[in-house]
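Every number in this text was worked out from the coordinates using simple rules, so none of it is lab data. Because the structure is a prediction, the values reported are computed rather than measured. Ideal geometry is used to build each Cβ from the backbone, glycine not excepted, and the neighbour counts take in all protein chains shown.
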């Protein structure tokens, strides 16, 4: 049984800090900052299993172009509890509290090649993204991100939109693949460019490796090739007016779906 609750005390936020260190192998956000943020419009949610903190989500107020939103900066789940749906539960609890506090939109970033995060953000939560940020955080030295440009997609979660509340979307019958994937003898994925002229179709797909962390650990050069080629693909599709709205997961790869 997972218990979810908002965290506000120094003791609770110190506990979150310890969990951050376990997940990312480095200290991320010092407690004095999280304490200040939750006292000034920020939201920290904890997930507990048998009384033990096993996950958290953290956000603080953001402001851009005259609009206030919740910038959902971090979400982490301790390794033994991953793939149990806790990430989705944390986000839904965050949405509930954000609406109560007066927010109508949440933004956050995620690595476009981390399919676990993309599936949660697009397919389960029904966020959308049309913004690609090159090397968003500069060189990162934590255990999950070290060694590659920290490219990110910016996700927009419109908390009361029909896309989020109704969970329905219609797709064109034909979705054109922007790229293809082949595999080496060692079963490592290889990006194959499909030669597409003007982007005049109603929908496109972009294939990415299912397990990018494994690829990074196995062949850093091939991982970098995926980073740079998918960067170009995302940017071209976004510049042409497309938005990524779903991730479909297969056995060895996943497919982003883009529509106008």
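The alpha carbon centroids of the stretch 94-173 and the stretch 212-235 are separated by 19 Å.
Averaged over residues, the count of other Cβ atoms within 10 Å places the peptides 42-55, 189-202, 93-106 in the sequence 42-55, 93-106, 189-202, highest first. Placing pseudo-labels 7 Å out from each Cα toward the beta carbon at residue 160 and residue 251 gives an inter-label distance of 4.6 nm. The mean sequence separation of alpha-carbon pairs under 8 Å and at least six residues apart, normalised by the residue count of the chain, gives a relative contact order of 15 percent. For the pair residue 101 and residue 224 in one chain, pulling the backbone fully straight at 0.36 nm per residue adds 40.2 nm over the alpha carbon distance. Counting neighbouring beta carbons within 10 Å and listing from fewest to most, the residues 111, 139 come out as 139, 111.
When the helices of the chain are scored as -39500 (n - 2.57) per DSSP H run of n ≥ 4 and the total is divided over every residue, the value at 222 nm lands at -8500 deg cm²/dmol.
Taking only C-alpha pairs under 8 Å that are 6+ residues apart, what is the relative contact order of the stretch 74-186 in percent?
24 percent
Potential lengthening of the chain between residue 183 and residue 214 amounts to 9.7 nm, from the contour at 0.36 nm per residue minus the alpha-carbon distance. Protection proxy ranking for 171-184, 244-257, using the average of other Cβ atoms within 10 Å per residue and placing the highest first: 244-257, 171-184.
Axis angle, to the nearest 10 degrees, between helix 220-239 and the longest C-alpha principal axis of the chain: 90 degrees. Overall shape: oblate for the stretch 72-156, with the ratio a/c of the largest to smallest alpha carbon gyration tensor axis at 1.5 or above and b/c at least equal to a/b.
Between helix 10-24 and the chain there is an angle of about 30 degrees, using the helix long axis and the longest principal axis of the Cα atoms.
Mean sequence separation of contacting Cα pairs (under 8 Å, at least six apart), scaled by the length of the stretch 176-259, corresponds to a relative contact order of 31 percent.
Among beta bridges identified by DSSP and lying wholly in the chain, the antiparallel ones come to about 95 percent.
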